[in-house]
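The values are calculated or read from the model by the stated rules, or taken from the named source; none is laboratory data. Values in this document were obtained by computation on a predicted structure and should not be read as measured data. Cβ placement follows ideal geometry from the backbone for every residue including glycine, while neighbour counts extend to all protein chains displayed. What goes into the accessible areas is simple: the full protein's heavy atoms, side chains included, and nothing from ligands, DNA or RNA. Shrake-Rupley method; radii C 1.70, N 1.55, O 1.52, S 1.80 Å.
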Amino acid sequence: QVQLVESGGGLVQAGGSLRLSCAASGRSFSSYTVGWFRQAPGKEREFVAAIGWSGSSPYYADSVKERFTISRDNAVNTVNLQMNSLKPEDTAVYSCAAGWVVEKDSEATYDYWGQGTLVTVSL
């Protein structure tokens, strides 16, 4: 079993930055792919970014490429999402997920989910 807890959300002006963290408990965490997903009000949840177990092969949604960076530190069971140049359309609840996934951008293949953290980007 893996428990995931997100932190770092908040209110930021457009153009600003936030750093989200996903802290995990559980011995198998370092072997899982970890992804970030987001859900805006009234919209479906969508993929944001994912990273493999070793920290290699980061993968991003087109909408966040060049602005967001995903990284992980298996020594402390944490995955971070650095978000720069934020836009109002980035406003959403951001959730991290973990699992032995085949398709990094498919939420159906992730086994464990956190509760999410709210990011609000104002004009």
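Every condition in (1) surrounded by fewer than 22 Cβ atoms within 10 Å (Cβ to Cβ); (2) under 15 Å from residue 112 (Cα atoms) is met by residue 94 except one, and the failing one is (1). On the stretch given as region 34-60, residues that are small (Gly, Ala, Ser) and within 11 Å of the chain's Cα centre (by Cα) total 3.
Taking residues in region 24-44 that are more than 10 Å from residue 92 (Cβ to Cβ) and touching a residue at least 60 places away in the same chain (Cβ under 8 Å), and partners anywhere that are part of a helix (DSSP H, G or I) and of a type outside the set (Asp, Glu), the pairs with Cβ atoms closer than 8 Å and at least 6 places apart or on different chains are 29/74. Could you please find all residues in region 91-110 being of a type outside the set (A, V, I, L, M, F, W, C), touching a residue at least 60 places away in the same chain (Cβ under 8 Å) and either within 15 Å of residue 70 (Cβ to Cβ) or not in a strand (DSSP E or B) (or both)? Answer for region 91-110, where residues must be of a type outside the set (A, V, I, L, M, F, W, C), touching a residue at least 60 places away in the same chain (Cβ under 8 Å) and either within 15 Å of residue 70 (Cβ to Cβ) or not in a strand (DSSP E or B) (or both): 94, 95, 104, 105, 107, 110. The set of residues in region 51-77 being farther than 13 Å from residue 94 by Cβ, among the hydrophobic types (A, V, I, L, M, F, W, C) and open to solvent by less than 30 Å² (accessible area, probe 1.4 Å) consists of 51 alone.
Among the numbered conditions (1) touching a residue at least 40 places away in the same chain (Cβ under 8 Å); (2) touching a Gly at 6+ places or on another chain (Cβ under 6 Å), the only one that residue 72 does not meet is (1).
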